1. Against the definition (surrounded by 13 or more Cβ atoms within 10 Å (Cβ to Cβ) and under 27 Å from Val181 (Cα atoms)), how does Pro144 come out, yes or no?
2. Mind listing whichever residues of segment 130-141 are among the small types (Gly, Ala, Ser) and surrounded by 12 or more Cβ atoms within 10 Å (Cβ to Cβ)?
3. Across segment 100-115, what is the number of residues that are surrounded by fewer than 21 Cβ atoms within 10 Å (Cβ to Cβ), away from ligand 1 (no atom under 12 Å from the Cβ) and closer than 19 Å to Tyr158 by Cβ?
4. I'd like to check something: does segment 25-41 contain any residue that is at pLDDT 85 or above, within 16 Å of ligand 1 (Cβ to nearest atom) and assigned to a helix (DSSP H, G or I)?
5. Taking the condition of being within 13 Å of Lys21 (Cβ to Cβ) and in a helix (DSSP H, G or I), how many residues in segment 102-131 meet it?
6. I want to confirm something. Restricting to segment 47-58 and keeping residues that are without any contact (Cβ under 8 Å) to a residue 60 or more places away in the chain and either under 18 Å from Glu165 (Cβ atoms) or not in a helix (DSSP H, G or I) (or both), which single residue is nearest to ligand 2 (Cβ to nearest atom)?
7. State which residue pairs qualify: first residue of a type in the set (Val, Ile, Thr) and inside segment 120-131, second residue within 12 Å of ligand 2 (Cβ to nearest atom) and not in a helix (DSSP H, G or I) in any location, beta carbons under 7 Å apart, and separation of 6 or more residues or different chains.
8. Considering only segment 1-24, state which residues are part of a loop (DSSP other than H, G, I, E, B) and surrounded by fewer than 16 Cβ atoms within 10 Å (Cβ to Cβ).
Amino acid sequence: MYSIDGLKLSICKSCGALCCKHFPPMVTVFDIVRICKFLKIEPRKFIKDFCECLTLREIVSKSPYKTLKIYVNIIENLLKPRIVSLLEKTIFIRFKLIDDHCIFLNNDNSCKIHPVKPMVCRVFPLKPYTSILEGRLRIAEACPLSKHPELLRKEFEYFRIYVQECKTHLLVVLGLDFEEVLRLIEYLMKIHDELCKDVWGGAQSASTH
Ligand code: SF4
Ligand code: SF4
C-alpha cells in the first residue's frame, strides 16, 4: 500500500522530470534567500554561478505570448518615458539551463536543492491561470500528476504562499536594477529566520524532481 508521497514519488520517477527541462524556473527573492541559506553561499556568487538575469524588456521579447508584446507596445507608447525605464531597468532572475535542463537537475532526475527548490517548482503541476496576480490556478496537463489531483494536497496549500510571495516580489522588484535587487536579497538574508520559517519548516515533499 503506497502513501500519497510514495505514489507521487513513483509517478515522478517514471516521468523523467519533464518539468525541469526546456523552461528555466523564474525565482523570487524569497526563493533565493532560502536557497542561499541552504547552500551556505553568498547571493552574488549564487546568482553569478547558477542564474541568468534579464530585464523586463528581455523577458517580454523572449515570451511566446504575442499578446503580452502587443500590450507592452501599446502601454509603452502611452506612458513613455516611465514604462521605458521600468522595461529597461527591472531585473528578473531565473535559473540557467545546461543542455536544455535546469542547472540543479541531477543525472537521476532528482533535484539538487529539493528541500528548498523554488516555489514555482514546489507547486507544479499547479500554475497561475493567466496572471499570478489573480491568484487563480490551473493544472498543467502535460504533467502525469495532473491525472491525480487527489495527490496534490500540499501543492494546493503551497500555491497560496506562492501567490503571496510572487505578488510581494513583483511589487518590490519593479523598477529595481541588479545591485538594488541584490541589496534587497542581502537584507532578507539577515531577517531570514523570521521571514521564511513558516514556509521553510514543513516544506518537504517526496517528489524526486
Ligand atoms: S511534477 Fe510532473 S512533470 Fe514534474 S517530474 Fe513529477 S510527474 Fe514529471
Ligand atoms: S525542481 Fe529542481 S531541478 Fe527541477 S526545475 Fe526546479 S530547481 Fe530545477
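The values are calculated or read from the model by the stated rules, or taken from the named source; none is laboratory data. Because the structure is a prediction, the values reported are computed rather than measured. So basically every Cβ, Gly included, is an ideal-geometry build from the backbone, and we count neighbours across all protein chains shown.
1. no
2. Gly135, Ala140
3. 2
4. No.
5. The qualifying residues number 1.
6. Cys51
7. Within 7 Å, the pairs are Val120/Pro25; Val120/Met26.
8. Met1, Tyr2, Ser3, Gly16, His22, Phe23
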